[in-house]
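Read-outs: derived from the displayed coordinates by stated rules, not from any lab. Computed from a predicted structure; not experimentally measured. Counting neighbours? That spans all protein chains shown, and the Cβs are built from the backbone with ideal geometry, glycine included.
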Amino acid sequence: MINDYHFKSGIAKSDQKKFKQLIEITSDELLLFAIGFVRNKEVAEEIVSDVYVKIWNNRSEIENILNLKSYLFICVRNGSLSYLRKAKNDPTISVESLSDYHFIPVEDNNNTPIEKETIDSIYSAIEELPAKCKLAFTLAKINGLKYSQIAEIMNISEKTVNNHLVNAVQKITEILNVKKRRTK
């Protein structure tokens, strides 16, 4: 969780230490997000780097950003889509037309009691989700973003985010053949 005011005020005052902290806290998840679109680590790294350069070059305006984390994701999304438009020579590529989003499994360093086979099954189930559903699920469950942030990043309503997440959970439970518990 990042404290917007803490970072925005420091970066606006050209505090390089605050800027480096922001990069340390956000770069991994932004990189995974970009890879989900472009499927190339080097290109994704360049997209994320460009976002940070843009933030630093426009740091005097940073305090005007309402939600820094959402803003970073939106910039990475836009950079990724722009790359795809150029690479595929297709000006119509957008989040709305997204037909594929690649889910990147997250490494678990906590030695949880869940077996690797179970985790692999869950990741496989997530990968089978439709692109927009997978994107919403990843942003909510992996990145921990709020519905309002996801709606802003995906350029959809919060209701649509909720629908994507409900569909994701239903499809994952179907794929994993999880039985619903009956409530009394």
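Quick notes
- Residue with peak Gaussian network fluctuation, the chain [Cα springs, cutoff 10 Å], from ILE150, ILE47, ILE172: ILE172
- Environment charge of VAL48, counting only residues whose C-beta is closer than 13 Å and scoring Lys/Arg +1, Asp/Glu -1: -4
- Cα extents for the range 6-97 along the principal axes, largest to smallest and rounded to whole angstrom: 40, 23, 18.
- Of the residues ARG39, ARG59, the one with the fewest other Cβ atoms within 10 Å heads the list, and the complete ranking is ARG39, ARG59.
- Neighbourhood net charge (15 Å Cβ-Cβ; Lys/Arg +1, Asp/Glu -1) for SER148: 0
- Helix 41-57 axis, angle to the chain major axis (alpha carbon atoms, nearest 10°): 40
- Axis angle, to the nearest 10 degrees, between helix 116-127 and the longest C-alpha principal axis of the chain: 70 degrees.
- Ordered by the count of other Cβ atoms within 10 Å of each Cβ, fewest first, LEU22, LEU98 give LEU98, LEU22.
- Taken over the C-alpha atoms, the chain has Rg and Dmax values of 17.8, 59 angstrom.
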